[in-house]
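One structure is given here, and the rest of the page talks about it.
Throughout, read-outs are computed from the coordinates displayed, never taken from laboratory work. Everything numeric in this text was worked out from a predicted model, so none of it was measured. Here the Cβ positions follow ideal geometry from the backbone for every residue, glycine too, while neighbour counts run over all protein chains shown.
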Amino acid sequence: MGASGSKARGLWPFASAAVGGGPEAAVAEQALMRPRGLVVPLFVFTHRGSMFYDEDGDLAHEFYEETIVTKNGQKRAKLRRVHKNLIPQGIVKLDPPASTWISL
């Protein structure tokens, strides 16, 4: 149940078919390959913010407004989540990476 061809043959799933010598040889070949093309930086300097701005310019993850509900002649306040007129925070710059070396 659920058997696939790669499990049955015992091959590394991303190895090329020309490599002989089993899955260990395929893993070793892939580990020695150098990346081509675009070089990826080691650090992340920005990320997409998860907060929103409301109409007043306040910044938060969620916004609620107080509504008055009348039930059986009694007034009761409830909080209702606001979904409209919110502006995403956008791209946020992160602090530069700090050294983790401790000098003794």
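Which of the chymotrypsin sites (Phe, Trp or Tyr not before Pro) found in the range 40-81 are loop residues per DSSP with 13 or fewer other Cβ atoms within 10 Å of their Cβ?
Those satisfying the criteria are 43, 45.
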Task: Relative contact order of the range 36-104, pairs being alpha-carbon contacts under 8 Å that are 6 or more residues apart, as % - done: 38
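Please give me, ordered by residue number, the trypsin sites (Lys or Arg not before Pro) of the range 45-104 that lie in loop per DSSP and have at most 10 other Cβ atoms within 10 Å.
The qualifying sites are 84.
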